[in-house]
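**Student:** Got a structure for you, questions after.
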Amino acid sequence: MDEKAEYQQLVLIHLDSLHNYAQNHTRSPEETEDLLQETLLRAYRSFGSFDRSFDCKVWLFKIMRNAQIDRMRRKHARPVEEGWPGFEGLEPDTRKEVSLYPVPMNPEEILLRRLTIEEVRTAIRNLPPLWREIVELREIEGLSYQEIAEIIGKPIGTVMSRLYRGRNLLRSALEDPSTKKATSRSAHAL
């Protein structure tokens, strides 16, 4: 198989996940499409040097994350790790506290509660950006802690703590509709 066909085949396998991850980073359909296109172009240009022993999905997500950081820098915003527009100067812990649960809601609980996938996705998208990305990568994309750490360039311990906090915020939003609205409002107000 030639390199171009191999690239197309790998990208097609991960296209839906890439689109969802792009939506995680952007807030408009136009920006989502632009980020996706930029990611695919960057990946195509560097596919010749792609190490086939590396997970292609993780490689593509890392390219997308770096592309978004570059886009934000071009807009004179701070990169993802430091904050997103509207969150400048605020530490994550300064946001409204919600109840912490010892064990996050698992997929079976979600099904038993008859929550739709769209309700869960909406709740994830309403999480503050610091936790939204980690929850999306783990719970929607099914990536391991190690793969997430590689994508975001942080230690596994950071991934685990952000995931724990994000799951608790998600659970609070799904269990208490007033928290869901408050979390969404506070995320936009900050």
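**Student:** Before we move on, is SER99 under 26 Å from TYR145 (Cβ atoms), modelled with pLDDT under 80 and of a type in the set (S, T, N, Q)?
**Tutor:** yes
**Student:** Now for a different question. Could you run through region 14-49 and say how many residues are free of Cβ contacts under 8 Å to residues at least 40 places away in the same chain and in a helix (DSSP H, G or I)?
**Tutor:** So the count comes out to 22.
**Student:** Shifting gears a bit: Could you please give the count of residues in region 104-128 that are open to solvent by less than 80 Å² (accessible area, probe 1.4 Å) and either at pLDDT 75 or above or in contact with a strand residue (DSSP E or B) (Cβ under 6 Å, 6 or more places away or on another chain) (or both)?
**Tutor:** Total satisfying the criteria: 10.
**Student:** Out of ASP34, ASP93, report the one residue that is at pLDDT 90 or above and surrounded by fewer than 18 Cβ atoms within 10 Å (Cβ to Cβ).
**Tutor:** ASP34
**Student:** Could you please tell me which pairs satisfy a Cβ distance under 9 Å, a separation of 6+ or placement on different chains, a first residue in region 156-176 that is within 14 Å of LEU137 (Cα to Cα), and a second residue that is in a helix (DSSP H, G or I) and of a type in the set (Lys, Arg)?
**Tutor:** VAL159/ARG138; LEU163/ARG138; GLY166/ARG132; GLY166/ARG138; ARG167/ARG138
**Student:** Residues that are surrounded by 19 or more Cβ atoms within 10 Å (Cβ to Cβ), of a type outside the set (S, T, N, Q), modelled with pLDDT under 65 and in contact with a Gly (Cβ under 9 Å, 6 or more places away or on another chain): does region 72-82 have at least one? Outline the logic, then answer.
**Tutor:** So the first thing to find is which residues in region 72-82 are surrounded by 19 or more Cβ atoms within 10 Å (Cβ to Cβ), and the list is none.
Among the residues of region 72-82, not one is surrounded by 19 or more Cβ atoms within 10 Å (Cβ to Cβ), of a type outside the set (S, T, N, Q), modelled with pLDDT under 65 and in contact with a Gly (Cβ under 9 Å, 6 or more places away or on another chain), which makes the answer no.
**Student:** Return only the number of the condition from (1) hydroxyl-bearing (Ser, Thr, Tyr); (2) without any contact (Cβ under 8 Å) to a residue 24 or more places away in the chain; (3) surrounded by 17 or more Cβ atoms within 10 Å (Cβ to Cβ) that SER53 does not satisfy.
**Tutor:** (3)
The values are calculated or read from the model by the stated rules, or taken from the named source; none is laboratory data. Owing to the predicted nature of the structure, the values given are computational and were not obtained by experimental measurement. Positions of Cβ are backbone-derived with ideal geometry, glycine not excepted, and every protein chain shown enters the neighbour counts. Remember, those area values only see protein heavy atoms, side chains included, never the ligands or the DNA or RNA. Shrake-Rupley method; radii C 1.70, N 1.55, O 1.52, S 1.80 Å.
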